[in-house]
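Data first, discussion second: the structure below is written as structure tokens.
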Amino acid sequence: MILETTYFSNNNKKLINDLIGKPFSFLESLKLKGIGSKRMIIDEVSPNLRSYLNTISDINYGSIELRPNGILIAINKGLKNYIWVIPYYQFYLYKTNGISIHAQGRFIHFKNNRTHKENTAFFDKLISLKVAYDLRFPHVDSI
């Protein structure tokens, strides 16, 4: 689900908190040594996400915030801000010449550059939170 978050909205806040949990507390974020990534360059997106990017030749940036039951990907388009809300049960991460995040029939690929290398500890944290979530709520396989 993608929400426009340029202006504060209690409805958006409630929707995000219901879907992926409230933000980590200050102490929890200190224990995790941070819950947000540095700004990364968006290299490529799926066709259904192109409308949320700058259409001219500007560089598109995105960042990721961790939540207890999912992640938020923030995308800036000019003066507008968008948040892609992804619960962990829909989230897949691929390390292919950068980082590619897939969910809900969409994907976003972050470029492999200096900021990507600075975020390696963050991605390790993200993977460990996803694994912990999968252990708490294992997928039910049909027979």
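Quick notes
- Filter result for ASN119 (surrounded by fewer than 16 Cβ atoms within 10 Å (Cβ to Cβ) and in contact (Cβ under 8 Å) with a residue 60 or more places away in the chain): no
- Within the stretch 1-51, tally of residues that are on the phi > 0 side of the Ramachandran plot and without any contact (Cβ under 8 Å) to a residue 60 or more places away in the chain: 1
- Restricting the stretch 1-15 to residues that are part of a loop (DSSP other than H, G, I, E, B) and not β-branched (Val, Ile, Thr) leaves a set whose member that is most open to solvent (accessible area, probe 1.4 Å) is TYR7.
- Here GLU65 clears all of (1) at pLDDT below 90; (2) outside any helix (DSSP H, G or I) except the condition numbered (1).
- Checking the stretch 16-27 against the condition returns a match, with at least one residue being part of a loop (DSSP other than H, G, I, E, B), in contact with a strand residue (DSSP E or B) (Cβ under 9 Å, 6 or more places away or on another chain) and surrounded by fewer than 14 Cβ atoms within 10 Å (Cβ to Cβ).
- Close pairs (8 angstrom Cβ cut-off, 6 or more residues apart or separate chains): open to solvent by 60 Å² or more (accessible area, probe 1.4 Å) in the stretch 53-81, of a type in the set (Phe, Trp, Tyr) anywhere: ASN76/TYR61; ASN76/TYR82; LYS77/TYR52
Each row is one residue, and each column tells you yes or no for (1) of a type in the set (Lys, Arg); (2) within 24 Å of SER128 (Cβ to Cβ).
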| position | (1), (2) |
| --- | --- |
| ASN10 | no, no |
| LYS14 | yes, no |
| GLY21 | no, yes |
| GLU44 | no, no |
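The values are calculated or read from the model by the stated rules, or taken from the named source; none is laboratory data. These numbers were taken from a predicted model, which means no experiment stands behind them. As a convention, Cβ positions derive from the backbone with ideal geometry for all residues, glycine included, and neighbour counts pool all protein chains shown. Side chains included, ligands, DNA and RNA excluded: accessible areas come from the protein's heavy atoms. Shrake-Rupley method; radii C 1.70, N 1.55, O 1.52, S 1.80 Å.
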